[in-house]
1. Ranked highest first by average number of other Cβ atoms within 10 Å, how do 281-287, 308-314 line up?
2. Report Rg(Cα)/(2.2 N^0.38 Å) for segment 239-378, keeping two decimals.
3. Take every Cα pair under 8 Å in segment 239-378 that's 6+ residues apart, average their separations, divide by the length, and report that relative contact order as a whole percent.
4. Determine by what factor the alpha-carbon radius of gyration of segment 85-145 differs from 2.2 N^0.38 Å, reporting the quotient.
5. Extent of segment 104-211 along each principal axis, from alpha carbon coordinates, in Å, largest to smallest?
6. Which three numbers, in whole Å and largest first, are the semi-axes of the equivalent ellipsoid of segment 190-309 derived from its Cα gyration tensor as √(5λ)?
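No value in this document is a laboratory result; all are computed from the given coordinates. Remember, predicted model here, so these are calculated numbers, not experimental data. Glycine gets a Cβ as well: all are built from the backbone with ideal geometry, and neighbour counts include every protein chain shown.
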């Protein structure tokens, strides 16, 4: 072999060897990096579940805000301040902001009761934070009667001045805030619905709690099966009667209009507009309601919905309810209506119409002195 060729071959061998060494070096680096990456992933995933042997995926709790303290509480139901403080330690806590005359809140209560029955012994603590909408909802006796009526056994705190409401920066009824066992808010939901999603969060946080505390238990992974309320495609919005509540949402159809703190003689006009209520008789305009002061009075409302509720109070006299000008039959009567009449006494929500199907109708309420109405709500 010629010297020049020999030299070229040797050089090529050296170059090939060098390339191979460099490739092996970078391959080693890549494997090291991959190993480090897997280790980081494992650390983020957290410890192994003692019962299943599976890795549990935990987000960094520091990325979630800590729930504020319960502040400005006026009273306690089903608990005491000391008992509640002790109960909250190491618990997954569901804070339910509600008020007892709110139909949306009332429809969530069966789910809360079911979750309390199912998960309380697994580490879930439900706290009902009762933040009133109306002045009468600040009365502890009214809230206690409501808790008994709906069979609520979990702790309820009376946030009468909305101090805890403000601490959470809450703006809705109902509203759910769920914390892990370290107190970080991990899930929020406003309004009705998405119950399956909420329950799955509860299950995940309870399993995470069990692992963190070294408990040999897992939450039941089935979901509570309740019939969820079906909303109408077209539905009249909530209608308020108090002048403080009617800013930017005044649905009073009478030409006499609102006259704060005055007694006004109203007359129902000939033409009625949908989703507006009309008064007949003398009514006192109050900040949160209207109160009938004449011997007789009437409210007429063209609406679209399946169910009609009123938040009202009175002296125990009956109101008469008409649907499209006729006495309400059993097919359309609400739970509080019998033979076309309802006895109005306590400050609460009354169900006066419950039709089998959604539709557009006109409801008429014929009332007597002392009848006080706060709002129409629909479903």
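1. 308-314, 281-287
2. Working: Rg = 13.8 Å, N = 140, 2.2 N^0.38 = 14.4 Å.
That works out to 0.96 for segment 239-378.
3. On the way: 376 pairs, mean separation 39.8, N = 140.
Relative contact order, segment 239-378: 28 percent.
4. Details: Rg = 12.9 Å, N = 61, 2.2 N^0.38 = 10.5 Å.
Scaled against compact globular proteins, the figure is 1.23.
5. Largest to smallest, the principal-axis extents are 44, 28, 23 Å.
6. On the way: eigenvalues 471, 59, 25 Å².
Semi-axes, largest first: 49, 17, 11 Å.
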